[in-house]
Amino acid sequence: MKLQVLKYFTLLGVLALWQCEAKLDEFKPENGSADFTTFVAIGDSYTSGYTDGALSNAGQKNGFSAILAHQLSTTENYYDQPFIPEGMSVGGNGNGSYKLVVLNKSLVPFPTKGNPELLSDPSNWVNGQAPFNNIGVPGVKSFHLLAPELGDYTLGEGAFNPFYTRFASVPGTSTMVSDAILKNPTFFSLWVGGNDVLQYALAGGNGVVGGTGINDITDEATFTYSINKALAELTSGKAKGVLGNIPDVKSLPYFNYIAYDGLELDAEKAAMLNAGYEQYNQMAEANGLPQMIFSEGRNAFVIADSSYPLHMRQIKEDEKVLLSASTGILGEAGWGSKEPMPEDQVLSSEELAAIKDATTRFNTIIAGAASQYELPVADINQLLIEAEKGLVIDGNLYTTVFVTGGIFSLDGIHTSGRGSAVITNRFIEKINKHYGATVPLVNVNDYPGVEFP
Amino acid sequence: MKKTLLICFLVLHQVALKAEGYQVNLQSQRQIGMGHTGTGLLLGASSMHFNPGALAQMSSKYDFSGGANVIFSHNTFQKQSPSLYQAESDNPVGTPFYFYGAGKVSDKLVVGLSVTTPYGNSLKWGDDWDGRYLIQDISLKAIFFQPTVSYKIVDNLSVGAGFVVTYGDVNMSKALPLTDQNGNEGSVHLSGNTMSYGFNAGVYYKPVTDLSIGVNYRSKVVMKVEGGDAIFNVPASLSGNFPKNNKFTAELPMPANLTLGLGWQVSEKMLLAADFQYVFWSAYEDLSFDFEQNTETLYDSYNPRNFENSMVYRLGAEYELSKSINLRAGIYYDETPIQEGYLTPETPGTNKIGMSAGASWYVTEKLSIDASVLYIHGEDREDGYQPANFYGTYASNAFIPGIGVSYSF
């Protein structure tokens, strides 16, 4: 009898243990009506993987397009990138990736020593391995997509984009779109247009609204033509794809880090400034213009304004100071207090209105082109508006705040790995909805964010 | 007392999550075998937990029983679709235990002491898993000491009550979204212990020979940790915002239970039992940590839980196979107290079905060896914790063998 009881227990035990793991069905991704066999990504710095003020190997691996490619397919060598060698980086000014350092007891993003030779020395270029799947080129505007000049180094410094030259299939002849088509893509992402507004904003509005200069807001006709022509060529081989629209630069930390009233004064300094601007205030009074009065605490910065009768004034609440002004504010120059903030460090309310207007118009053009070519658009503009209020993702709160917000990298313009993952998920949601696919979303918190010393 | 606490610490290694919420219903092998019924039954010394009112009906002069269980539990998480992400917890093997000792003072009065572990939770999801900002691992241990008196008013009616002294100990870790320049993420480790009090009272009534009824009320015991240790690991440049040797205060309720139990002696050999256990889980409104030192970035944390009262339905049977062998079987259905949108990986609750079997071998008339096995299957639950926006499907199960001895004379 004892034995039987024992047997009974053993049997029950084995049975129970056997199926002890709490199993759940594994998720199986589906393509829907899209074909992800060959994917190319065309776009600007966001597509290239530019982050922390530079293009780096780590940034390329954790950039928006690389993350998206990884979700579309697990095939090996699915996504060829013009990789920067491991441990190296190069930014637009020859700088390296920014790193947070402790300076005077506060955390400051500081550029590391970069590898400008990756751009300047043709022996470091990777044209021989072209074409690549990642055709993201930092700094490009809509009309560069189809411009062979973009990679033409014979034009001399400033007239070409070395980030493209280094991986163009034939520098000076090939275009971003023609290189993309060389891959015979079945699926593409096209996310450009950001720089068509952003460059104007980065120059503090010192450009033309409706031009094709580096600091201009692109004219509408050129923008429309470029987007449509690029799409016509990209879809000529029956490829399907996804578009991204452009965020209002107002969402970026670069334009929000320094508050308009970030001039903090003690009573003594306020008195000094009041004395210093006595003459200004007399003139202002004579002209019926507001005076500049400083007091202890927070004060609006003093800015240069050539269109203002007195050529300087205090900044208004709805105007913005650029992140690049930080050093000038803190340093000897005394920008914004004893010296007016230079005009190229400020976006006035008129300039901000022009930016907002252009962003809306360009996004309407992108939406129109998308519907013509039956492509979905990831609304990144909307995403960043939501992110300004805060996005909680798996227990982590993401905001657009500089350094601590988590979405943006240390340059205040480009996303961190985690920010890129947030954006990628928006693209995936659009792809899934439009094509009836079930491309898996990524775990945002698995990607690198801002690192603290 | 210090020594007792130390022993508790050593013995009470890990008690894994076994019933819904963080209740652990593993208080006697005989009862586990019968689906953990027993409020309406005569159980000798173990009535102290199930219904102190029935203790006075003890047939022998002295009764002792003790035992332990081994919990192998598994939790699996599949992230909300579309996602390829799955995680499996690596829960430590739990070893809850119980001890009961009672003696007759007079024909009508019985006194005793019970030591039980009716609440606990132990989950280890890992340091790097996707829900790490909610929880990495948690261990909650509670040990209940209950001196008890029971009095027989008339032959078929008795009452009893015990005073409950609880020693509680909690440990938990969470990741913090602050990464250093080597890619290591920050974390916070919270730990503390406390003593708290409650009571357990019951009535036992036998209207006719073959039928018995019991009602038991076990009060809420609030574990309040004051001056617990909050240890933060963060990148050096941020350490100023996370003071070293910080302390916290937090409260966790172990809810009250009201149970109605029935016993029916169907034949000389067959006993049936049913229990209806109402658990006052609504006491668990939030889990809040009040830090002694707050800074710009470290503020008190409020985490709503909003548990709802729930029911457990239990059925059990015991069959006397021979003079020396009793066989048992039971089943129960345990409703989750966790409402939609409040499902956390810390207590990933779901409706559960428990199936049990057990046996006692009477080595002598006075001494028996009692064993049981319990298999708990949690229904898959697709839900999440809204405040953290963390959603997915949770699956859970547990396999729990146990052994004990009873001695009466």
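The values are calculated or read from the model by the stated rules, or taken from the named source; none is laboratory data. The shown structure was predicted, so the numbers you read here are calculated from the model rather than taken from an experiment. Because the Cβ atoms are built from the backbone with ideal geometry, glycine has one as well, and the counts that use them run over all protein chains shown. Just the protein is used for accessible areas: all its heavy atoms, side chains included, with ligands, DNA and RNA removed. Shrake-Rupley method; radii C 1.70, N 1.55, O 1.52, S 1.80 Å.
Taking amide H positions as modeled 1.01 Å from N, with prolines and chain starts lacking one, the residues under 5 Å from A:Gly139 and 5 or more places away or on another chain are A:Ser45. Taking the Cα centroid of region B:272-291 and of region A:52-92, what is the distance between the two, rounded to the nearest whole Å? Here the answer is 50 Å between Cα centres.
Assuming charge only on the beta carbon of Lys and Arg (+1) and of Asp and Glu (-1), the dipole of region A:263-347 about its Cα centre is about 60 debye to the nearest 20.
Between helix B:2-11 and chain B there is an angle of about 90 degrees, using the helix long axis and the longest principal axis of the Cα atoms. For region B:2-408, with all protein chains in place and a probe radius of 1.4 Å, 58% of the accessible heavy-atom surface sits on carbon or sulfur. Summarising the label geometry, the points placed 7 Å from Cα in the beta-carbon direction at B:Thr297 and A:Gln382 lie 3.3 nm from one another.
Burial annotation for region B:117-154: residues with an accessible-area loss of at least 50 Å² between the isolated chain and the complete set of protein chains, computed on heavy atoms with a 1.4 Å probe, are B:Asp130, B:Tyr133. With r defined as the distance between the Cβ atoms of A:Ala275 and A:Asp318 and R0 fixed at 30 Å, what FRET efficiency is calculated, to the nearest 0.05? Efficiency computed from Cβ-Cβ geometry: 0.55.
At a Förster distance of 51 Å, what's the computed FRET efficiency of A:Glu220 paired with A:Thr327, Cβ-Cβ distance as r, to 0.05? For R0 = 51 Å, the calculated efficiency reads 0.90. Split the accessible area of region A:263-347 by element, probe 1.4 Å, and carbon with sulfur accounts for 51%. By the helix-only formula, in which each DSSP H run with n ≥ 4 contributes -39500 (n - 2.57) and the sum is divided by residues, chain A has a 222 nm mean residue ellipticity of -10000 deg cm²/dmol.
All other residues whose Cβ lies under 11 angstrom from that of B:Thr37 are scored, Lys and Arg at +1 and Asp and Glu at -1, for a net of +1.
Suppose we look only past 18 Å in the calculated P(r) of region A:181-283. What percent of the Cα-Cα pairs does that tail hold? Every Cα pair in region A:181-283 considered, those over 18 Å come to 67 percent. A:Gly59 sits among other residues whose Cβ lies under 11 Å from its own Cβ, and their net charge, with Lys and Arg +1 and Asp and Glu -1, is -1. Heavy-atom accessible area, probed at 1.4 angstrom with all protein chains present, ranks B:His49, B:His189, A:His311 as A:His311, B:His189, B:His49, highest first.
Listed values for region B:317-325 are Karplus-derived 3J(HN,Hα) couplings in whole Hz (6.51 cos²θ - 1.76 cosθ + 1.60, θ = phi - 60°), namely 9, 10, 10, 8, 6, 8, 4, 9, 10, and x replaces Gly and Pro.
Net charge in the neighbourhood of A:Glu343 (other residues with Cβ under 11 Å of its Cβ; Lys, Arg +1, Asp, Glu -1) is -3. Annotation: extensible slack from A:Asn77 through A:Lys389 equals 108.5 nm (criterion: 0.36 nm per residue apart, minus Cα-Cα distance). If you wrap the Cα atoms of region B:93-234 in a convex hull and average its projected area over all directions, you get 11.7 nm². Annotation for the A:B interface, with buried accessible surface near 3600 Å², both sides summed [1.4 Å probe; non-protein components not counted]. At q = 0.16, 0.19, 0.26, 0.29 Å⁻¹, what is the log10 ratio I(q)/I(0) for region A:325-388, with the Debye formula run over Cα points and no solvent? Evaluating at q = 0.16, 0.19, 0.26, 0.29 Å⁻¹ gives log10 I(q)/I(0) of -0.73, -0.83, -1.04, -1.12. To the nearest 10, the accessible area of A:Arg426 is 60 Å² with a 1.4 Å probe. A:Leu234 contributes an accessible area of around 0 Å² to the protein surface, as traced by a 1.4 Å probe with all chains present. Computed with a 1.4 Å probe over protein heavy atoms only, the accessible area of A:Tyr260 comes to about 60 Å².
For region A:245-296 and region B:188-219, compute the distance between their C-alpha centroids and round to whole Å. Going from one Cα centre to the other spans 69 Å. Note on B:Val363 and B:Ser81: the extension gain reaches 96.0 nm, defined as 0.36 nm multiplied by sequence separation minus the Cα-Cα distance.
DSSP bridge analysis restricted to chain A gives an antiparallel fraction near 55%, rounded to the nearest 5.
Note on B:Ile353 and B:Gln265: the extension gain reaches 29.2 nm, defined as 0.36 nm multiplied by sequence separation minus the Cα-Cα distance.
Gyration tensor analysis over the Cα atoms of region A:261-385 returns equivalent ellipsoid semi-axes of 39, 16, 11 Å (largest first, whole Å). Looking at chain A, the accessible area is 44 square angstrom per residue; that uses a 1.4 Å probe and ignores ligands, DNA and RNA.
Stokes-Einstein diffusion of region B:154-264 at 10 °C, 1.306 mPa s viscosity, Kirkwood radius from Cα pairs, rounded to a whole number: 89 µm²/s. When the alpha carbon gyration tensor of chain B is reduced to an equivalent ellipsoid, the three semi-axes, largest first, read 41, 22, 18 Å.
Taking one quarter of the surface of the C-alpha convex hull of the protein assembly as shown gives a mean projected area of 44.2 nm².
For the protein assembly as shown, the antiparallel share of DSSP beta bridges with both residues in that region comes to about 90%. Every helix of 4 or more DSSP H residues in chain B counts as -39500 (n - 2.57), and over all residues that averages to -1000 deg cm²/dmol at 222 nm. When you restrict to C-alpha pairs under 8 Å that are six or more residues apart and normalise by the size of region B:2-408, the relative contact order lands at 19 percent.
Couplings for region A:309-317, taken from phi via the Karplus curve 6.51 cos²θ - 1.76 cosθ + 1.60 with θ = phi - 60°, read x, 9, 6, 8, 6, 8, 5, 8, 4 Hz in order; Gly and Pro are left as x.
For chain A, take the alpha-carbon Rg, divide it by the Kirkwood Rh, and send me Rg/Rh.
With Rg and the Kirkwood Rh in hand, the quotient comes to 1.09.
About the centre of its Cα atoms, the protein assembly as shown shows a dipole size close to 3940 debye [charges on the beta carbon of Lys, Arg (+1) and Asp, Glu (-1) only; nearest 20 debye].
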